[in-house]
Amino acid sequence: MPTGTPDVLLRTEGRVGFVTLNRPRAINALTHAMVLAVDGALTAWEHDPAVTTVVIEGAGERGLCAGGDIRAIHDDARAGGSASAAFWRDEYRLNARISHYPKPYVALMDGIVMGGGVGVSAHGSVRVVTERSRIAMPETGIGFVPDVGGTRLLGRAPGELGTHLALTGGHVGAADAILTGLADACVPSAELPSLTRDLTELPAEEALARHAVAPPAGVLDGQREWIDACYTAPTVEEIVERLFDTGVPAAKEAAETLLGRSPAALKATLATLRRSRALATLEEVLDLEYRVSCAALTTPDLVEGIRAQVVDKDRDPHWTPATLAEVTEADVARYFAVPAGGDLGLAASAAGRGARGGA
């Protein structure tokens, strides 16, 4: 019998602890209470010898998780932003925990997996995509910056593929998710029930091997030449210029996409991604992203972007500043300032645990 909360169903079956995100009408968008419920389940199962594997899945037909509840973030940003900062503190801690979980953590990344959905799946040890998977970090389209460790994941993708995905917010299917390091294997969507049954009886890798197939062909590998050439540019302005200059239709489309995104978010995203590449651990990246996320709460673009995409749905955001040229170095630097409520401190906590463990 499932337990947990109405929005997060928990059950054990055989050797597996199942987490089902259960807001299908919202494509299982994460709330603060859901993050805490998942974390609580991981705590209980970590010390339960009867549970050898954890599986996270989404209720309904549309996807695992569409991200954080951005309507709630919109309303909170208008009210001052303290609830969102608290949500991110616990969400990012959960992301780090998933990455170090001592038991196999199997994420069924079927359908839509975006933003916070990537955070609760792509840091796991066994990431399963299907022919229905649509995975993205679409934050620049709402005046935000990829978070939940997304800049680490995308920063480690081959060449500049991650930069392309981070700036455009474009989605990828199964093959490209595997290529970019967001997933490990493809299983046909129709076989997921059989996979989960096998997981209750077999080690995770053995169960997966029974069902994994070659994914449908992707597109990014064939676009590497122009993506790598364009996105190594030092600024967003030059990236856009190079994209237009290639003469490649897909590159021109990417440039036009960028010109519709929040100029401030684009520049903050590029700076965050490049800083993240120099950091050694996920915890350090999450600390950095926390600063950036809290700063974004104080900008007009986050509220405006969510309004245009989700609240009014007019798809006509009015960004401030309106152009890339108007976004100054000082504007970007403000994204990396210590938040009013203090830093997240994940890296320091991890270092402390490591020191105690070594002693």
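The values are calculated or read from the model by the stated rules, or taken from the named source; none is laboratory data. Note that this is a predicted model, so its numbers are computed, not measured. Here the Cβ positions follow ideal geometry from the backbone for every residue, glycine too, while neighbour counts run over all protein chains shown.
Hey, among the residues in region 77-98 that are of a type in the set (Gly, Ala, Ser) and crowded, with 19+ Cβ neighbours inside 10 Å, which one's farthest from Cys294 (Cα to Cα)? Going through the qualifying residues, I end up with Ala96.
Per-residue answers, yes or no, for (1) within 22 Å of Val126 (Cβ to Cβ); (2) assigned to a helix (DSSP H, G or I); (3) under 20 Å from the mean Cα position of the chain (by Cα); (4) free of Cβ contacts under 8 Å to residues at least 24 places away in the same chain:
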| residue | (1), (2), (3), (4) |
| --- | --- |
| Leu9 | yes, no, no, no |
| Thr12 | yes, no, no, no |
| Gly17 | yes, no, no, no |
| Thr20 | yes, no, yes, no |
| Asn28 | yes, no, yes, no |
| Met34 | yes, yes, yes, no |
| Val38 | yes, yes, yes, no |
| Thr43 | yes, yes, no, yes |
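Being modelled with pLDDT of 95 or more and in a helix (DSSP H, G or I) holds for only one residue in Val240, Val310, and it is Val240.
Have a look at Tyr105, Tyr101 and point out the one that is of a type in the set (Ser, Thr, Tyr) and either touching a Leu at 6+ places or on another chain (Cβ under 7 Å) or under 23 Å from Leu258 (Cα atoms) (or both). Only one candidate passes the filter, namely Tyr101.
In the set (1) surrounded by fewer than 21 Cβ atoms within 10 Å (Cβ to Cβ); (2) touching a Phe, Trp or Tyr at 6+ places or on another chain (Cβ under 9 Å), Pro158 fails one condition alone, (2). Confirm whether Ala175 is under 13 Å from the mean Cα position of the chain (by Cα) and at pLDDT 95 or above. Considered against the rule, which asks whether it is under 13 Å from the mean Cα position of the chain (by Cα) and at pLDDT 95 or above, Ala175 comes out as no. The set of residues in region 193-222 that are in contact with a Ser or Thr (Cβ under 8 Å, 6 or more places away or on another chain) and within 22 Å of Ala59 (Cα to Cα) comprises Leu199, Ala204, His211.
Can you work out which of the residues in region 125-154 that are assigned to a strand (DSSP E or B) and among the basic types (Lys, Arg) is nearest to Glu256 (Cα to Cα)? Give the derivation first.
The initial filter retains those residues of region 125-154 that are assigned to a strand (DSSP E or B), namely 126-129, 134-136.
Then keep just the ones that are among the basic types (Lys, Arg); that gives 127, 134.
Working: Arg127: 32, Arg134: 21 Å.
Restricting to residues being assigned to a strand (DSSP E or B) and among the basic types (Lys, Arg), the top hit is Arg134.
Within region 40-56, if we keep just the residues that are within 16 Å of Arg15 (Cβ to Cβ) and not hydrophobic (A, V, I, L, M, F, W, C), the residue that is surrounded by the most Cβ atoms within 10 Å (Cβ to Cβ) turns out to be Thr53. Exactly one residue out of Thr180, Thr140, Thr151 is within 16 Å of Lys267 (Cα to Cα) and out of contact with any Lys or Arg (no Cβ under 7 Å at 6 or more places or on another chain): that is Thr151. The sole residue among Ala177, Ala183, Ala122 that is in a helix (DSSP H, G or I), out of contact with any Gly (no Cβ under 6 Å at 6 or more places or on another chain), buried (at least 19 other Cβ atoms within 10 Å of the Cβ) and touching a residue at least 24 places away in the same chain (Cβ under 8 Å) is Ala177. Can you pull out every residue in region 125-140 that is buried (at least 22 other Cβ atoms within 10 Å of the Cβ), of a type in the set (S, T, N, Q) and within 16 Å of Leu208 (Cα to Cα)? Thr130 - this is the single residue of region 125-140 that is buried (at least 22 other Cβ atoms within 10 Å of the Cβ), of a type in the set (S, T, N, Q) and within 16 Å of Leu208 (Cα to Cα).
The set of residues in region 266-285 that are surrounded by fewer than 19 Cβ atoms within 10 Å (Cβ to Cβ), closer than 21 Å to Gly169 by Cα and either touching a strand residue (DSSP E or B) at 6+ places or on another chain (Cβ under 6 Å) or among the hydroxyl-bearing types (Ser, Thr, Tyr) (or both) is empty.
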